[in-house]
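Written below as structure tokens is the structure these notes are about.
Just so it is clear, none of the values below were taken in a lab; they were calculated from the coordinates. Being a predicted model, the structure only gives us computed values, none of them experimental. In this analysis, Cβ positions are derived from the backbone assuming ideal geometry, glycine residues included, and neighbour counts consider all displayed protein chains.
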Amino acid sequence: MSGRRTEAEEVFFSEGLFSTSERLLIRSAGRELVERQITISCCESCTGGLFAAALTGVPGISRVFDRGLVTYTERAKIEELGVKKETLEAHTVYSAEVAREMAEGLYRKTGSDICVSVTGIAGPDGALPGKPVGTVYIGCCHCGKIRIEKLETGSRSRSRNRHDAVLAMLRLVMNTLKEE
């Protein structure tokens, strides 16, 4: 025995852990979507398209990946996704409420089975009272049902926060698929 794990041993569905390797997590999520013919779209703010880039690296994903929008500004969130200006003013762009409206707006726009959104403070600047750098909100609208998760990375590293946000988005997609 080489001591090396097989893909089947590394990728499993239990308590939110799907893979010991991020490449396997990306590939597993992509394959699951393709095999089950579940369409997906995403709208990204703090990750700037990294989630879409990760998914489009999976062979065959074009059969289910409809679109990825980078809605970085408040204006883009309002115009492209229908996020309400009042929501932005009341809760800030870095909020569960905005992540929810982003995912719902993308669902209305695309009709994809799964619509994932992300907004947060990538850093190294931009912290707000009660919302330190590394605070990220992820929304997932699955056939009209919304789920929101908050991620607090504890890091001031912009690249680390963006990377961790993408992995959290993938885990949320996998949890959503597991529950279907």
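Overview of values
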item: Rounded to 10°, Cα long-axis angle of helix 158-179 versus longest principal axis of the chain; result: 70 degrees
item: Eligible lysines near LYS178 by straight Cα distance, threshold 22 Å, same-chain separation 8 or greater; result: LYS145, LYS150
item: For the range 131-180, the fraction of alpha-carbon pairs in successive 5 Å shells from zero, as %; result: 5, 21, 29, 20, 13, 9, 4, 0
item: FRET efficiency for GLU74 and LEU167, using Cβ-Cβ distance with R0 set to 35 Å, rounded to 0.05; result: 0.85
item: The range 32-85: GluC sites (Glu not before Pro) in DSSP coil with no more than 15 other Cβ atoms inside 10 Å; result: none
item: Cα pair count fraction exceeding 21 Å, expressed as % - the range 27-98; result: 36 percent
item: Sparsely packed chymotrypsin sites (Phe, Trp or Tyr not before Pro) within the range 36-75, loop by DSSP, other Cβ within 10 Å at most 16; result: TYR72
item: Equivalent ellipsoid semi-axes, the range 89-180, via Cα gyration tensor eigenvalues times 5, rooted, Å; result: 23, 15, 9
item: Highest-fluctuation residue, ILE138, ILE114, ILE148 considered, GNM on the chain with Cα pairs under 10 Å; result: ILE148
item: With 10 Å bins from 0: P(r) over the range 10-179, alpha-carbon pairs, percent; result: 11, 42, 36, 10, 0
item: Computed label-point distance, nm, for sites ARG160 and ARG67 using a 7 Å Cα→Cβ extension; result: 3.6 nm
